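One structure below.
The values are calculated or read from the model by the stated rules, or taken from the named source; none is laboratory data. Nothing here was measured: the structure is a model prediction, and the numbers come from that model. Neighbour counts are summed over all protein chains in view; Cβ atoms, including those assigned to glycine, are modelled from backbone coordinates with ideal geometry.
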Amino acid sequence: MDPTGSPGSEGGGGRPRLLVVDDDERVRKALSRTLGRRYDVTAVATGEAALAAVGDRPFDAAIVDYEMPGMNGVELVRRLAVEHPGLARIMLTGYAELPEIVALKREELAVAVLMKPWEPSDLEHAISVALRAGASHGAGGPDAT
């Protein structure tokens, strides 16, 4: 862990490590390209691949899509909260009013839940909040939205 308390900055050139999880290749590429300017980004297509990735190396925050084949984003966020509580979590969704998304927000398992399409400034704000939450108390933290 580096002096700022950020586990993912170790060996990553001091850049926070983000895990992007989305089954849509275009979204993964766009987020990787955009966020890669400021962060060390790893992008995967499934919840299972995300769990494998966090088992291999530390990340500071995960940006998770809701609708994916197999394990959906809420299931993944719940698993990450239990298995990697220091990993801050952000949910991307087009379905903010689904009961399980509402429960995710109520239970504070994600730092933020952003609606698709999101505004770049909203995503950047959510990442900033996630990085502070992960470094300060290692939890999903309160909803930033």
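Consider segment 95-109 and keep the residues that are modelled with pLDDT of 85 or more and loosely packed, with under 12 Cβ neighbours inside 10 Å. The one that is nearest to V27 (Cα to Cα) is P99. May I ask you to verify whether R89 is buried (at least 21 other Cβ atoms within 10 Å of the Cβ), of a type in the set (K, R) and farther than 17 Å from R38 by Cα? So R89 fits the description; yes. Scanning segment 43-58 finds one or more residues that are assigned to a loop (DSSP other than H, G, I, E, B) and more than 15 Å from D23 (Cβ to Cβ).
Residues that are buried (at least 24 other Cβ atoms within 10 Å of the Cβ) and under 16 Å from R26 (Cα atoms) within segment 41-63 comprise just one, I63. Remark: pairs (first residue in segment 86-102, charged (D, E, K, R); second residue buried (at least 24 other Cβ atoms within 10 Å of the Cβ) and modelled with pLDDT under 90; Cβ separation under 8 Å; 6+ apart in sequence or on different chains) = R89/G140. Checked against (1) modelled with pLDDT under 95; (2) not in a helix (DSSP H, G or I), G8 passes all but a single condition, namely (2). Among the residues of segment 17-32, none qualifies, meaning not one is over 14 Å from the mean Cα position of the chain (by Cα), within 16 Å of A130 (Cα to Cα) and surrounded by fewer than 23 Cβ atoms within 10 Å (Cβ to Cβ).
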